[in-house]
1. Need one word for segment B:79-138: rounded, prolate or oblate. Basis is the Cα gyration tensor (sqrt eigenvalues a ≥ b ≥ c); a/c below 1.5 gives rounded, then a/b vs b/c decides.
2. For chain A, what is the charge dipole size about the Cα centre, in debye to the nearest 20, if Lys and Arg each add +1 at the Cβ and Asp and Glu each add -1 at the Cβ?
3. So, in the protein assembly as shown, how many Lys pairs have Cα atoms under 19 Å apart, if the pair is 8 or more places apart or on different chains?
4. Among A:Tyr20, A:Gly84, A:Ala34, which residue has its Cα positioned farthest towards the positive end of the charge dipole of segment A:1-120, with +1 placed on the Cβ of Lys and Arg, -1 on the Cβ of Asp and Glu, and the dipole taken about the Cα centre?
5. In a GNM of chain A with a 10 Å cut-off on Cα contacts, which of A:Gly95, A:Gly113, A:Gly150 has the highest mean-square fluctuation?
6. Give me a single rounded figure for B:148-161: the average over its residues of other chain Cβ atoms within 10 Å of their Cβ.
7. Between A:Ala85, A:Ala152, A:Ala139, which gets the highest mean-square fluctuation from a Gaussian network model of chain A, Cα cutoff 10 Å?
8. With charges set only on the Cβ (+1 for Lys and Arg, -1 for Asp and Glu), what does the dipole of the protein assembly as shown come to about its Cα centre, in debye to the nearest 20?
2 protein chains.
Amino acid sequence: MSRWQPNARGRLEEAALQLYASRGFDATTVAEIAERAGLTERTFFRHFTDKREVLFSGQTALTESMVAAVAGQPTGTAPIDAVGAALRAAGMAIGGRRDSARQRQAVIAANTGLQERELIKLAALGVALTDALRARGEAELTARLTAEAGVAVFKVAFERWIGTDDDAELVDVIAEAIDELRAVASA
Amino acid sequence: MSRWQPNARGRLEEAALQLYASRGFDATTVAEIAERAGLTERTFFRHFTDKREVLFSGQTALTESMVAAVAGQPTGTAPIDAVGAALRAAGMAIGGRRDSARQRQAVIAANTGLQERELIKLAALGVALTDALRARGEAELTARLTAEAGVAVFKVAFERWIGTDDDAELVDVIAEAIDELRAVASA
């Protein structure tokens, strides 16, 4: 096997998702993932600390891009709009991969430990967005609540997006959910 | 020991919280909890399935009272107001026990497994409130989003309430958070 492995990370992710989906997360070994991807275990561990991280490393990158989106808004942007920009950034990043998002979600839904991990990551996203809003000078309650409402919007929009069969874009589903939050809160 | 044990459940809860706080959740045994409460292990297991449930059984009762509050609102109540009623019900139920709420939260914060459990319970609260709103005839997106926004408000208000040293009542902190959500979403 050549030492140069084009898109090793992507191949490992794809192989892992397929194995988790077909035989379950617990029953899949790193050796099997590497073999299916045509790579070595050593290469696997160059990209991921363990087989769980394959499912969650994308979320870390996503949180970073959302925080950057909040930070990048012009001074004077309303906090809900700054969080809206973060959600759009996430929507653009995930949007083209509904099939793998759906497969990943099915794997997580089948395993309590993974569900717990997913919720921990969402809670961490809420904290990261709170910090990003606080850094823009928003008051504590405003920052905390806008961030958590943003996470709620993201969670609901993402669920809807992977649950529907039409061709809706994630960014549009997110925009619809933000509009609905505004409508609900102003009732 | 008499078979009649006044407030056995409350005594077990208090003993468990004290032990979890002083020596850690993992290091505490059911036998120690029962002994400290002046009761038997048998009595413990009549009230709780395991030592983790001591921390979370209250949340189950809380979810039930919140769902009942949503269901009990007059026809035509705006969904955000129905959820507001649920949050007030929770605030009234927890409100008088800030010290034990704070102690419980510190125990949970010190243990990843308990944090995950807490987040699973909060997610379940979101689902239960969604179902309660759907049963009132609210559209799917409205029900899901209002419920999750309600959970976000509850989470933020509860954090603030256990984190402050003033005498604020939980119901008032919740009302302030709902007002802030309205303000944020209408910006």
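1. It is oblate, given that a/c is not under 1.5 and a/b is not larger than b/c.
2. 660
3. The number of close lysine pairs in the protein assembly as shown is 8.
4. Positive-most Cα among the choices belongs to A:Ala34.
5. Maximum among the listed residues: A:Gly113.
6. Taking all residues of B:148-161 together, the mean is 5.
7. A:Ala139
8. Here the protein assembly as shown has a charge dipole of around 1020 debye.
The values are calculated or read from the model by the stated rules, or taken from the named source; none is laboratory data. The shown structure was predicted, so the numbers you read here are calculated from the model rather than taken from an experiment. With ideal geometry, Cβ positions are generated from the backbone for all residues, glycine too; neighbour counts draw on all protein chains shown. These area figures cover heavy atoms from the full protein model, side chains too; ligands, DNA and RNA do not enter into them. Shrake-Rupley method; radii C 1.70, N 1.55, O 1.52, S 1.80 Å.
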